[in-house]
1. Within the range 67-86, take every residue that is free of Cβ contacts under 8 Å to residues at least 24 places away in the same chain and assigned to a helix (DSSP H, G or I) and give me the one that is nearest to the chain's Cα centre (by Cα).
2. Hey, can you tell me all the residues within the range 70-85 that are open to solvent by 60 Å² or more (accessible area, probe 1.4 Å) and either of a type in the set (Lys, Arg) or modelled with pLDDT of 95 or more (or both)?
3. Among residues belonging to the range 408-433 that are in contact (Cβ under 8 Å) with a residue 40 or more places away in the chain and of a type in the set (D, E, K, R), point out the one that is most open to solvent (accessible area, probe 1.4 Å).
4. Across the range 426-441, what is the number of residues that are farther than 14 Å from Leu416 by Cβ and assigned to a helix (DSSP H, G or I)?
5. Counting just the residues of the range 482-521 that are charged (D, E, K, R) and assigned to a helix (DSSP H, G or I), which one comes out farthest from Leu458 (Cα to Cα)?
6. Run Ala526 past the list (1) more than 18 Å from Glu494 (Cβ to Cβ); (2) surrounded by fewer than 18 Cβ atoms within 10 Å (Cβ to Cβ) and report the number of the one that doesn't hold.
7. Out of the range 461-480, which residues are of a type outside the set (A, V, I, L, M) and closer than 20 Å to Ser527 by Cα?
8. Which members of the range 647-664 meet the condition of being part of a helix (DSSP H, G or I) and surrounded by fewer than 22 Cβ atoms within 10 Å (Cβ to Cβ)?
Amino acid sequence: MPSTPANVPPRPLHTWAVCVVLFAGTVLLFERAFDYGFTNYDDPSYVTENARVLAGLSWDSVKWAFTSRFDYWHPVTWLSHLLDGQLYGLSASGHHVSSVLVHALNAVLAFLVLRRLTGAHWTSAFAAALFAWHPLRVESVVWIAERKDVLSGCFFLLTLWAYSSYAERRRAGRPAWVRFGMTLGLFAIGLMCKPMLVTLPAVLLLVDFWPLRRAPLVVAAWPDWRRLLVEKLPFAGLSVLVALLTVRMARHEGAFVLTVPAGARIGNAFVSVARYLGKLVWPFDLAVCYPHPGYWPAAAVAASGLLVLTVTAIAWSQRSRRPWLLAGWAWFIIMLLPVIGLVQVGFQAMADRYTYLPILGVQLAVLWTLRDWRPLASQPALAAGLGAAVLLAGAARTWNQEAVWRSPTSLFRHALAVTRDNSVAEGFLGYTLAMDNQTDEASIHLERAIALNPRNRLALFALGRVREKQARIEKAITCYRAAWQLDASDAESEYRLGRLLLRTGQQEAALPHMIAAVRRREDLRASNFEIAIAESRHGNPALALAYFSVALAARPDDVAAHFEYGLKLVELGRVDEALAQYREVLKLQPDHAAAHAEIGRIHLQQGDAAAAVPEFQAALANHPELGIAQLGLARACLQLGRLTEAEAAFQRARDAMPDDAAVENAWAEACARQRRFADAVPHYQRAIALRPNDAGLHAALGFVLYFSNRPAEALAAWDEALRLDPMLPGLRDRAERLRAGNP
């Protein structure tokens, strides 16, 4: 079998044809996902509830991508999501298109890289198609949050391409440091997509063994291997740095949520290898989450261990005659090591997405063996027919598996159908149903999830939501408290816990929880402020004040919160406290016109018109069209006897608020106090035109008409007032006396 690209005759037409078929076939196979939405499993934190991503690309967001704390460090993946956020926002179709296009590119790269490394054109094409169209790829491609799989796969393959170019130049005795730097740079970018690539230096050593054949596995070749090991030191250094950073971030973010004894982890690792091989051959009963059983039955562990040891022994024994067996098998095992569960991260025993790159190793071992198997090698038509049948069957199964991802409900119902005792799937299905207000069915799944795993925080939170909707407040408090105690950084559980404690009158216990949660989450700050406004306008005043106090404790420089808090305090008659809030507003924002106007109104109500005037003037200096300030200035000037200024201010107030009856009413009252009754009449009439059902306005109009010696019109105005409000005090007697000619 040829081992170097030099042995491959140039076939540009074949190359282009294969590339087009791989790319277009992959896009067509996965285009079903273009109509799917987001799932509620990790997609919210990556996209739908990530304000940074939805805001799109900017210098700040790029900086955030490189410095944000998450389960692990993957800034290039974040950049891809930021670009999608810029282009598509919350349109899931665009995000799916991006993932599918990268995967289609990977199909082409897999073909080109394998052919460059091995020189086997059609075997490489088949391997690339099998890789791209296998049902195990569905999770990595259709799940938007797993963009990191396809991106890291892209740079993994590009790194192999660059490395093969470097090795060729070294073999030819030509300068190769530029190619070496390119290989290292592509590897670094790949690590910034997903840290699973930390094993790539070992894969490069395997490629050195086969197919590049830079050193054989014999003692005499130790000097060559020492040189190759030294050559990989920069790659290993990057891997160690990223591995340490990943462990540190995972620990900080609480990713080590499942405590499993070492023996159980080792047993699960062996069983998972066997299960991955089984899923490769028979890709059915695929699930988004496979529950960790703890200890597998001893027979299952023994059988799996025997399988692994047997395949390893065979591959080692064939290292000279069939080196691809050892290279491919070792590729598979080594690339699985970071995710095989020896260090348990998350709840899962295994995951389909973890096979994205490791499975290429198994394909190398199997397909290059079949390529030399005489019954197939001697009958190319038979080989082509069998290969086509395998690809068609795999593609059909992939198309079918994609449908599982059409909605969160279908995704988790399927997971429950093909697995047992799956707390994660029960919890997510219950959560999904709870968000859809299907509370009865949600309760069943959530209670089952908690029974399987009392530390299932999502299920506890969702059950709290269900109990809250069912008005079972004490049960909801218990659930929220349990969810928060499992993760003290869970701001939403803590906030909801605080809200319910507040509703049950436990304000002293509630406020610390609410304040702590609101300080941690910007979106909760906004939500808390909205609730404060709603309670202020339509709800319980005591609750409104509590919500405002939370908003201000969490963010003391929030101008809007101080101002709205002041309005509510005025409404409750706590004027001195309101003044303090308005002055805090002006300290933070000296040109806040509405705060000046509210201070002026308080002074005016307290009878201190002289103190009110400069406040209204300050408001108007910053906002000349502020009608309430013009009206307040008019009233203040009137109290001070500055009639000309008052008239001018009333006119400006009308210009600013032409449809506000309060302006005309105040102007009419001002005229009436000056005993200018005839001047007051048109102002009351304009006010009535704006508020025709206001009995008080009709009564006031009657009085100014009466004092303007227009008794008939006054009587008509009083009659209308009494029609609207028969209980107006004293007005009926006065009207009857006027009607009797005895005013």
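The values are calculated or read from the model by the stated rules, or taken from the named source; none is laboratory data. In this text the structure is predicted, and so the values were computed from the model without any measurement. Here Cβ is always computed from backbone atoms with ideal geometry, including for glycine, and neighbour counts include all displayed protein chains. Surface areas here come from the heavy atoms of the whole protein model, side chains and all, with no ligands, DNA or RNA. Shrake-Rupley method; radii C 1.70, N 1.55, O 1.52, S 1.80 Å.
1. Going through the qualifying residues, I end up with Leu79.
2. Leu83
3. Step by step, filter the range 408-433, then rank; the result is Arg420.
4. Adding up the residues that qualify gives 4.
5. Selected residue: Glu508.
6. (1)
7. Listed by number, the residues that qualify are Phe461, Gly464, Arg465, Glu468, Lys469, Tyr480.
8. Glu647, Ala648, Gln651, Arg652, Arg654, Asp655, Ala656, Ala661, Ala662
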